[in-house]
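To start, the structure under review is shown below, and the notes come after it.
The values are calculated or read from the model by the stated rules, or taken from the named source; none is laboratory data. The structure presented is a predicted model; accordingly, all values stated were derived computationally and were not measured. Every residue, glycine among them, receives a Cβ derived from its backbone with ideal geometry; neighbour counts consider all protein chains shown. Keep in mind that these areas ignore ligands, DNA and RNA; they rest on the heavy atoms of the full protein, side chains included. Shrake-Rupley method; radii C 1.70, N 1.55, O 1.52, S 1.80 Å.
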Amino acid sequence: MESSVDDETGTELVSGTELNAWRRGFTPQAEIWNGRLAMLGLSVGLSVLLVARLASH
């Protein structure tokens, strides 16, 4: 993989396929997937709560 560096910020630019890779450990890819799955869990939990509240009335 050939990486490039943004001249203004000095950060390494990563391709979309590399960013979405399923990597274990303390990596940026793992943190991205952790956030995605946390938002999915939060959405499912709130949806179940909403449906349960509407069904009880």
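Note on region 27-57: residues that are in a helix (DSSP H, G or I) and either among the aromatic types (Phe, Trp, Tyr) or more than 30 Å from residue 14 (Cβ to Cβ) (or both) amount to 13.
For the structure I just gave you, tell me whether residue 8 is assigned to a helix (DSSP H, G or I) and either among the charged types (D, E, K, R) or touching a strand residue (DSSP E or B) at 6+ places or on another chain (Cβ under 8 Å) (or both).
Answer is no for this residue.
Sort out which residues of region 11-57 are open to solvent by 80 Å² or more (accessible area, probe 1.4 Å) and touching a strand residue (DSSP E or B) at 6+ places or on another chain (Cβ under 9 Å), and write them in order of number. Correct list: 12, 13.
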